[in-house]
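First up is the structure itself, then whatever we jot down about it.
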There are 2 protein chains.
Amino acid sequence: MPKEPVTRNDVAAYAGVSTAVVSYVVNEGPRKVAPATRDRVLTAIRVLGYRPNATARALRMGTTRTFGLITPDGGNPLFAELAKAIDKEAAARGYVVLQTSADGDPETERAKIAELLVRQVSGLVLVAPTADPDLSAAEVPAIAINRVLPKVSSIRPAYREGARQGVRHLIEHGHRRIALVIGDASPNRAVVAERDVAAGEVLPVRGVQAGHRAARAERELGWEDALRAAGLAPGPVVRVPFSRAGGRLAGEKLLAATERPTAVFASSDLQAIGVLRAVHEAGLRVPEDLAVVAFDGTPETEYSWPPLTVVRQPLELLAREAVDRLIAGEQTVEALTLPTDLVVRRSCGCPN
Amino acid sequence: MPKEPVTRNDVAAYAGVSTAVVSYVVNEGPRKVAPATRDRVLTAIRVLGYRPNATARALRMGTTRTFGLITPDGGNPLFAELAKAIDKEAAARGYVVLQTSADGDPETERAKIAELLVRQVSGLVLVAPTADPDLSAAEVPAIAINRVLPKVSSIRPAYREGARQGVRHLIEHGHRRIALVIGDASPNRAVVAERDVAAGEVLPVRGVQAGHRAARAERELGWEDALRAAGLAPGPVVRVPFSRAGGRLAGEKLLAATERPTAVFASSDLQAIGVLRAVHEAGLRVPEDLAVVAFDGTPETEYSWPPLTVVRQPLELLAREAVDRLIAGEQTVEALTLPTDLVVRRSCGCPN
DNA sequence: TTGAAAGCGCTACCAT
DNA sequence: ATGGTAGCGCTTTCAA
């Protein structure tokens with residue numbers, strides 16, 4: 001049964017002081033309190049089991065010391081890891097994180113943002129947002145991770161450079177025909193395309209999905225960069241959802257292709273896991289029949305079979321930078337790009 | 001740049017009404033408002049971009065409509081999935097979830113609980129808590145998931161029955177020597193034990209780790225139940241941490257054992273994934289050389305190689321039940337047990 | 001149908 | 001060193 005909460009008034013009465021003094025003791029300021037008085041207050045607090053009411057404090061102070069965090073899917077290991085990192089970083093600074101999932105639906109995302117704003121969060125972290133939320137009316141700092149938003153401060157891994165690095169590693173293994181598995185908005189369709197890539201071609205970037213497209217395009221660009229630098233023709237491109245199922249589909253398409261690639265660069269762990277599955281189903285082997293390198297580097301890839309060589313996103317850095325910016329409250333609209341890390345395991349053909 | 005927040009006063013002034021009327025309009029009650037007035041208020045709200053302050057509302061109402069959620073590790077897919085389910089269930093009821101990770105540390109856990117209580121959460125969900133927090137002083141309903149706490153309402157999957165079901169399936173495949181991989185507090189030690197199990201033996205349950213021990217013991221009990229029912233001698237038991245690394249260690253031990261088991265029941269997905277890895281490393285095959293069934297059923301198991309046959313935890317039910325109880329505010333100390341689900345895939349030897 | 005006002009718990013300024 | 005108190009934005013009773 002819920003008990004009557006103990007308030008600061010009760011403490012003041014019990015200790016025989018004013019509420020102001022209780023406040024001074026609890027917050028260790030802004031005025032000094034005589035040691036004896038202080039002890040009386042402390043005792044009162046202990047005896048009564050007083051717990052300050054952060055809601056009242058927030059109302060008075062105008063800050064909740066709470067961040068809102070929205071990911072497209074809390075079940076996605078990448079986002080789960082990122083959320084964990086953000087929680088840790090925030091906690092270290094006395095902040096707490098209101099975490100919620102948008103289910104990949106722009107409408108839900110908008111609703112959740114509104115919900116968080118109403119709750120007076122001190123900052124908003126949007127992970128790979130699908131919509132382009134209008135935060136201009138919000139009196140709250142916001143930051144987008146893994147997706148560049150027009151009017152919001154953004155942070156993200158070096159998609160292009162990271163992809164380039166991963167593909168280059170595959171090239172160093174002697175592969176000449178390297179496919180790309182990358183995301184697509186359409187849920188259950190695999191699109192395989194043999195591309196002729198003109199130097200410097202850039203996908204158009206505009207509209208609601210612009211940022212998304214940009215992130216995808218960047219990994220694609222990195223893949224092209226590496227291929228071009230080696231004088232190689234781009235292998236097939238398969239566009240499937242960023243999921244295990246999508247990757248599996250992609251793998252099947254790739255294996256069925258007339259001129260089968262000898263290696264694949266998957267733009268997400270989940271897709272790579274799916275590709276692995278397709279290869280196993282076909283009775284083939286990784287890396288012998290198809291080498292694989294993935295982008296992301298979640299823990300799952302360390303225990304897949306074979307262990308995946310990955311371009312690891314700098315999750316801790318991303319988290320720290322996001323929290324830093326939020327606390328600083330600066331509204332830099334400039335996008336920050338953080339370096340990725342090539343983690344060599346076995347799916348690329350390396351012996352380790 | 002943070003703007004001046006628009007308050008209800010501004011709206012009232014703009015609409016030429018009192019603040020009470022604005023409140024009536026916003027909350028659609030408790031008094032009726034003339035349509036014309038209502039329109040003026042609505043217009044004012046839109047024009048000024050007014051957003052109600054949930055903090056003030058919470059202070060006034062005495063409820064934040066916010067739940068606190070503490071998991072041992074947000075990066076663990078099981079907990080991530082559970083958190084997602086809880087978030088969804090809570091959101092459907094207009095609640096929001098303050099999610100945080102205790103890093104498996106009892107001290108951190110206590111600190112996080114305190115932090116959440118201070119923030120006046122309307123309810124607390126403790127997932128597999130490591131400590132036995134004193135919530136008696138808290139004027140807030142709490143519920144423990146996956147662990148039975150002495151003074152807290154608890155919900156959990158049918159560990160024993162689920163394990164029994166999983167092991168029985170292995171027995172039906174003809175296995176006679178079935179090992180058990182289960183958790184242990186000690187981080188990096190694998191303990192293999194050949195056990196003689198007397199009928200009805202029950203591990204002692206007391207002290208801080210009692211609930212934890214109980215959950216482990218239950219799966220162990222279920223394993224024994226199935227074995228005994230089939231007239232089989234218990235195979236080896238390996239105690240390792242609930243992690244992929246732990247499972248791998250366990251797998252190595254098992255494969256090196258003199259009388260190697262032909263099947264394993266892993267008490268968590270993560271451990272099973274580790275076992276899979278060990279088997280692959282040894283150049284052996286699942287299920288031919290070692291069949292595997294795991295407890296949990298996170299998405300990762302669907303795409304492992306081979307896909308894992310699992311006893312699935314009823315995450316959605318767990319989540320719904322938890323949120324229901326929290327909202328009802330009942331302080332039932334009785335533990336609710338929810339049924340698991342056997343999901344047959346390939347690691348057990350089934351053809352699908 | 002609408003308005004005035006008290007008060008939720010807290011902070012911090014201004015007194016003393 | 002300590003006390004009194006205004007006021008954060010909101011809800012709701014009581015009066016008009």
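State yes or no: is B:Gly231 in contact (Cβ under 8 Å) with a residue 60 or more places away in the chain and either not assigned by TED's automatic domain parsing to the domain that holds B:Leu276 or not in a strand (DSSP E or B) (or both)?
Answer is no for this residue.
Checking B:Glu107 against (1) more than 22 Å from B:Gly62 (Cα to Cα); (2) touching a strand residue (DSSP E or B) at 6+ places or on another chain (Cβ under 9 Å), only one condition comes out false. Which one?
(2)
Failed condition for A:Gly283, given (1) at negative phi; (2) free of Cβ contacts under 8 Å to residues at least 24 places away in the same chain, with all others met?
(1) is the only condition that A:Gly283 fails.
So B:Glu81 passes all but one of these: (1) buried (at least 22 other Cβ atoms within 10 Å of the Cβ); (2) touching a Phe, Trp or Tyr at 6+ places or on another chain (Cβ under 7 Å). Which condition number does it fail?
Single failed check for B:Glu81: (2).
Could you go through region B:19-30 and let me know if any residue there is away from chain A (no Cβ under 11 Å), charged (D, E, K, R), in a helix (DSSP H, G or I) and more than 8 Å from DNA strand D (Cβ to nearest atom).
Scanning region B:19-30 turns up no residue that is away from chain A (no Cβ under 11 Å), charged (D, E, K, R), in a helix (DSSP H, G or I) and more than 8 Å from DNA strand D (Cβ to nearest atom).
Can you pull out the residues in region B:51-94 that are under 21 Å from A:Ala111 (Cα atoms) and more than 10 Å from chain A (Cβ to nearest Cβ)?
B:Phe67, B:Glu89, B:Ala92, B:Arg93
More than 16 Å from DNA strand D (Cβ to nearest atom), among the polar types (S, T, N, Q) and touching a residue at least 60 places away in the same chain (Cβ under 8 Å): which single residue out of A:Thr130, A:Thr108, A:Thr100, A:Thr71 fits that description?
The unique qualifying residue is A:Thr130.
Per-residue answers, yes or no, for (1) in contact with a Leu (Cβ under 6 Å, 6 or more places away or on another chain); (2) under 23 Å from B:Glu334 (Cα atoms):
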position	(1), (2)
B:Thr100	no, no
B:Gly104	no, no
B:Lys112	no, no
B:Pro133	no, yes
B:Ala142	yes, yes
B:Arg147	no, yes
B:Val167	no, no
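Select from region A:31-51 the residues that are within 13 Å of DNA strand D (Cβ to nearest atom) and assigned to a loop (DSSP other than H, G, I, E, B) and list them in ascending order.
A:Arg31, A:Lys32, A:Val33, A:Ala34
Among the residues of region B:75-133, count how many are small (Gly, Ala, Ser) and in a loop (DSSP other than H, G, I, E, B).
8
What do you reckon, is B:Ala36 more than 7 Å from DNA strand C (Cβ to nearest atom) and either within 9 Å of chain A (Cβ to nearest Cβ) or at pLDDT below 95 (or both)?
Considered against the rule, which asks whether it is more than 7 Å from DNA strand C (Cβ to nearest atom) and either within 9 Å of chain A (Cβ to nearest Cβ) or at pLDDT below 95 (or both), B:Ala36 comes out as no.
Yes or no: region A:226-245 includes at least one residue that is within 28 Å of the chain's Cα centre (by Cα) and over 26 Å from A:Pro157 (Cα atoms).
Checking region A:226-245: not a single residue is within 28 Å of the chain's Cα centre (by Cα) and over 26 Å from A:Pro157 (Cα atoms).
Checking the structure you have, find out if any residue of region A:141-150 is in contact (Cβ under 8 Å) with a residue 12 or more places away in the chain and surrounded by fewer than 19 Cβ atoms within 10 Å (Cβ to Cβ).
Yes: one or more hits.
Taking A:Arg164 as meeting all but one of (1) among the basic types (Lys, Arg); (2) farther than 28 Å from B:Glu89 by Cβ; (3) assigned by TED's automatic domain parsing to the domain that holds A:Asp324, write down the number of the exception.
(3)
Filter region A:263-288 down to the residues that are surrounded by fewer than 24 Cβ atoms within 10 Å (Cβ to Cβ), among the acidic types (Asp, Glu) and part of a helix (DSSP H, G or I) and list them by number.
The one that is surrounded by fewer than 24 Cβ atoms within 10 Å (Cβ to Cβ), among the acidic types (Asp, Glu) and part of a helix (DSSP H, G or I): A:Glu281.
I'd like the full set of residues that are in a loop (DSSP other than H, G, I, E, B) and either among the aliphatic types (A, V, I, L, M) or out of contact with any Phe, Trp or Tyr (no Cβ under 6 Å at 6 or more places or on another chain) (or both), limited to region A:289-310.
Once the filter is applied, which keeps residues that are in a loop (DSSP other than H, G, I, E, B) and either among the aliphatic types (A, V, I, L, M) or out of contact with any Phe, Trp or Tyr (no Cβ under 6 Å at 6 or more places or on another chain) (or both), region A:289-310 yields A:Asp289, A:Leu290, A:Gly297, A:Thr298, A:Tyr303, A:Ser304, A:Pro306, A:Pro307, A:Leu308.
With the checklist (1) in contact with a helix residue (DSSP H, G or I) (Cβ under 6 Å, 6 or more places away or on another chain); (2) within 12 Å of chain A (Cβ to nearest Cβ) in hand, flag the one item B:Ala263 doesn't pass.
If we test B:Ala263 against (1) in contact with a helix residue (DSSP H, G or I) (Cβ under 6 Å, 6 or more places away or on another chain); (2) within 12 Å of chain A (Cβ to nearest Cβ), just (2) comes out false.
Restrict the check to region A:54-63 and report whether at least one residue is near DNA strand C (Cβ under 7 Å from one of its atoms), within 21 Å of A:Arg93 (Cα to Cα) and basic (Lys, Arg).
Yes: one or more hits.
Residue by residue, here is whether (1) touching a residue at least 12 places away in the same chain (Cβ under 8 Å); (2) more than 16 Å from DNA strand C (Cβ to nearest atom); (3) outside the structural domain of B:Gly329 (by TED's automatic domain parsing); (4) within 28 Å of A:Arg325 (Cα to Cα) holds:
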{"site": "B:Gly16", "(1), (2), (3), (4)": "yes, no, yes, no"}
{"site": "B:Asn27", "(1), (2), (3), (4)": "no, no, yes, no"}
{"site": "B:Arg40", "(1), (2), (3), (4)": "yes, no, yes, no"}
{"site": "B:Ala83", "(1), (2), (3), (4)": "yes, yes, no, yes"}
{"site": "B:Ile86", "(1), (2), (3), (4)": "yes, yes, no, no"}
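The values are calculated or read from the model by the stated rules, or taken from the named source; none is laboratory data. Not measured: the values here are computed from a predicted model. Note that we place each Cβ from the backbone using ideal geometry, even for glycine, and neighbour counts take in every protein chain shown.
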